[in-house]
Amino acid sequence: MSVVAVKKYKDRIEIGADSQITKGQNISKDNKSKLYKVGENFSFGGVGMCAMFNIFREFSLNHLPKENTEYGWFGFISEFKSYIATIPDCPRLSISETSFIVVYNYKIFKIEDLLIREIKDFYAMGSGGDYSLAILYNGGTVEQAVKTACELNIYCEKPVNLITIKKEGRIKSIKK
């Protein structure tokens, strides 16, 4: 269970996530499992199956969408689904159990299975998504949004991890 939130400002995009990993009855913290940087102009956060995040990151190192649009990302995810099917030890992994927020070339997209939508202002997903959306809607920061989800949802846990992308597309800082 997780929360990933994103907000677009005039000069930057912030994306953040919590650190809780839940597998059955086991709960642990991992501040590197939900938020990733792939190159200089691509980062993403994910909710759902953590194993899928690693496969998505690896796939993204060698593939990019043909265009940075909903249509381009649909093609990318279609290729990704085909790629998952070729991994011999991963027959039970399914993209439908995992959702992503991607930031690429200063555009934001939510990817929920084959539903891809561009995000123009802010968005949050995961078990703490509703709490985070309320904070973002009321003018709060991504950090405040994720912290609130961590306080109010038992499936979200600090520390909060943040990536800031400056408008020119370069990732400025990673706070862990």
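Residue-wise test of (1) surrounded by 15 or more Cβ atoms within 10 Å (Cβ to Cβ); (2) touching a helix residue (DSSP H, G or I) at 6+ places or on another chain (Cβ under 7 Å); (3) within 16 Å of Ala17 (Cα to Cα).
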| position | (1), (2), (3) |
| --- | --- |
| Tyr36 | yes, yes, yes |
| Gly45 | yes, no, yes |
| Gly48 | yes, yes, yes |
| Ile55 | yes, yes, no |
| Glu58 | no, no, no |
| Leu61 | no, no, no |
| Pro65 | yes, yes, no |
| Asn68 | yes, no, no |
| Tyr71 | no, no, no |
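Taking each residue of segment 95-112 that is in contact (Cβ under 8 Å) with a residue 40 or more places away in the chain and looking for partners that are in a helix (DSSP H, G or I) with beta-carbon atoms closer than 6 Å, six or more apart or interchain, yields Ile95/Lys81; Thr98/Met52. Please go through segment 56-104 and pick out each residue that is at pLDDT 90 or above, of a type in the set (Lys, Arg) and closer than 25 Å to Gly126 by Cβ. Of everything in segment 56-104, just one residue is at pLDDT 90 or above, of a type in the set (Lys, Arg) and closer than 25 Å to Gly126 by Cβ, namely Arg57. Scanning segment 29-55 for residues that are modelled with pLDDT under 80 and in a strand (DSSP E or B) returns a single hit, Lys29.
The values are calculated or read from the model by the stated rules, or taken from the named source; none is laboratory data. Owing to the predicted nature of the structure, the values given are computational and were not obtained by experimental measurement. Glycine also receives a Cβ, built like all others from the backbone with ideal geometry; neighbour counts cover every protein chain displayed.
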